[in-house]
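Each remark here refers to the structure printed beneath this line.
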């Protein structure tokens with residue numbers, strides 16, 4: 001892990017979206033890795049330390065909420081953000097009950113993602129300086 005870098009795992013079955021998100025967050029100084037499904041993400045988590053997870057809700061094999069549940073079980077302090085399209089109130093409540101820290105509605109403004117992760121990093125840096 002790079003010194004003082006924040007590790008973000010981006011998971012989405014749309015490779016183009018993974019690349020866009022990774023590029024944007026990398027430009028802000030984050031160290032990003034991507035996975036195209038939950039199984040790939042779990043393999044990466046075994047071998048890397050991540051501070052945050054950004055995942056899609058609807059994915060093949062393992063859904064975003066299943067992924068977050070597994071991650072939160074092993075890494076309860078990992079910052080987890082899920083991206084959802086046209087989520088019902090019931091889906092939102094279900095997602096929140098699984099330990100999701102933030103829900104982002106698709107389509108989203110890339111600046112909103114950047115600001116969310118920049119705020120997360122600043123809060124972590126402030127907390128570690130105390």
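Annotations for the structure displayed:
- Selection of region 54-83 for residues being in contact with a helix residue (DSSP H, G or I) (Cβ under 6 Å, 6 or more places away or on another chain), farther than 13 Å from residue 98 by Cα and not in a loop (DSSP other than H, G, I, E, B) yields 55, 56.
- Pairs, first over 18 Å from residue 32 (Cβ atoms) in region 104-130, second surrounded by fewer than 14 Cβ atoms within 10 Å (Cβ to Cβ), C-beta under 7 Å, six or more apart: 106/85
- Among (1) touching a strand residue (DSSP E or B) at 6+ places or on another chain (Cβ under 6 Å); (2) outside any helix (DSSP H, G or I); (3) crowded, with 19+ Cβ neighbours inside 10 Å - the single one residue 103 does not satisfy: (3)
- Pick from region 21-39, criterion assigned to a helix (DSSP H, G or I) and either without any contact (Cβ under 8 Å) to a residue 24 or more places away in the chain or farther than 17 Å from residue 82 by Cβ (or both), ranking: nearest to the chain's Cα centre (by Cα): 22
- Of all residues in region 6-20 being outside any strand (DSSP E or B) and touching a strand residue (DSSP E or B) at 6+ places or on another chain (Cβ under 6 Å), the one that is nearest to residue 58 (Cα to Cα): 12
- Conditions (1) surrounded by 13 or more Cβ atoms within 10 Å (Cβ to Cβ); (2) in contact with a strand residue (DSSP E or B) (Cβ under 6 Å, 6 or more places away or on another chain); number of the one not met by residue 94: (2)
- Summed over region 110-130, residues that are closer than 19 Å to residue 29 by Cα and in a loop (DSSP other than H, G, I, E, B) total 0.
- Among residues of region 80-91, those that are within 17 Å of the chain's Cα centre (by Cα) and either surrounded by 12 or more Cβ atoms within 10 Å (Cβ to Cβ) or touching a residue at least 40 places away in the same chain (Cβ under 8 Å) (or both), counted: 5
- Among residues of region 11-32, those that are at pLDDT 95 or above, in contact with a helix residue (DSSP H, G or I) (Cβ under 7 Å, 6 or more places away or on another chain) and within 24 Å of residue 128 (Cα to Cα), counted: 3
- Selection status of residue 46, surrounded by fewer than 19 Cβ atoms within 10 Å (Cβ to Cβ), assigned to a strand (DSSP E or B) and at negative phi: no
The values are calculated or read from the model by the stated rules, or taken from the named source; none is laboratory data. All figures in this text were calculated on a predicted structure; none of them were measured in a lab. Every residue, glycine among them, receives a Cβ derived from its backbone with ideal geometry; neighbour counts consider all protein chains shown.
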